[in-house]
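The values are calculated or read from the model by the stated rules, or taken from the named source; none is laboratory data. All values reported here derive from a predicted model rather than from experimental measurement. FYI the Cβ positions are ideal-geometry reconstructions off the backbone, even for glycines, and counts take in every protein chain you see. Keep in mind that these areas ignore ligands, DNA and RNA; they rest on the heavy atoms of the full protein, side chains included. Shrake-Rupley method; radii C 1.70, N 1.55, O 1.52, S 1.80 Å.
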Amino acid sequence: MKLYLGPGPNSDRVRIFLAEKGLDLPVVPIDFGKREHKSAEFLKLNSLGQVPVLQLDDGEVITESVAICRYVEAIHPSPPLFGSDAPHQGKAEMWNRRMEQEVFGTIGNVVLHTDEFFKERHTQVPEFAEAQRRAIPSKWMWLDREISDGRPYLAGDEFSIADICGMVTLMVSRFFGYEMPAEIPNVQRWAERLRQRPSWQAMTN
Ligand SMILES: N[C@@H](CCC(=O)N[C@@H](CS)C(=O)NCC(=O)O)C(=O)O
């Protein structure tokens, strides 16, 4: 197995997932500066020219960070990170999508529509970026209300892929300097819990 990773939250999602599983896969680092992700050789692996990419021993390729995590979960089920039983699996999926679409996606849209790096790949619309930037605090406040029931993790009592999406969201938010609202105590407590995990420490060291 070979894992092609580069900078950015989607590779980080897989890195954190593997750290939580206690796994170490052979990694091929992809240098964005040298545009290795757009080389003819790499485009044969992923026509979108994006990381992460997992290549299996038989040559089959899996792209999409969550799909890679799902594959790893299937071959290394312990500890379960997509839920330990049907109700937990439903909740983990629900919260992974909510985190991705509501919070990560809103922040990501600002980056996609403002950052120099994405200029070539996207038609950047500054008005949309600004509207999304203004929406960020309300997304965090929505999350704060949702987890005000005191649950330790997004999907309930089990740490899951949804929290890993939360971790990369927090990292991107900090990296680009997007402020979080002051009054979100439940999110702050949850974020602090995530920061204490060895997988977070491993990412930020
Ligand atoms: N939906 C994909 C998104 C992958 C993605 O956008 N990767 C970024 C890095 S975080 C990338 O390779 N960007 C380079 C580019 O799009 O040119 C996933 O979840 O893996």
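Values for this structure:
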{"read-out": "Residues of region 155-164 satisfying the condition of being in contact (Cβ under 8 Å) with a residue 24 or more places away in the chain and more than 14 Å from the chain's Cα centre (by Cα)", "value": "A155, G156, E158, F159"}
{"read-out": "Listing of helices (runs of 4 or more DSSP H) fully contained in region 61-161 that carry 3 or more residues being among the hydrophobic types (A, V, I, L, M, F, W, C) and more than 24 Å from G8 (Cα to Cα)", "value": "none"}
{"read-out": "Region 6-24: number of residues that are within 14 Å of the ligand (Cβ to nearest atom) and either open to solvent by less than 10 Å² (accessible area, probe 1.4 Å) or part of a helix (DSSP H, G or I) (or both)", "value": "10"}
{"read-out": "Residue in region 75-92 that is surrounded by fewer than 17 Cβ atoms within 10 Å (Cβ to Cβ), within 16 Å of the ligand (Cβ to nearest atom) and either at pLDDT 95 or above or not basic (K, R) (or both) present", "value": "no"}
{"read-out": "Some residue of region 25-36 being more than 10 Å from the ligand (Cβ to nearest atom), over 30 Å from E120 (Cα atoms), basic (K, R) and more than 14 Å from the chain's Cα centre (by Cα)", "value": "no"}
{"read-out": "The lone exception for I107 - which of (1) open to solvent by 40 Å² or more (accessible area, probe 1.4 Å); (2) in contact with a Lys or Arg (Cβ under 9 Å, 6 or more places away or on another chain) it fails", "value": "(1)"}
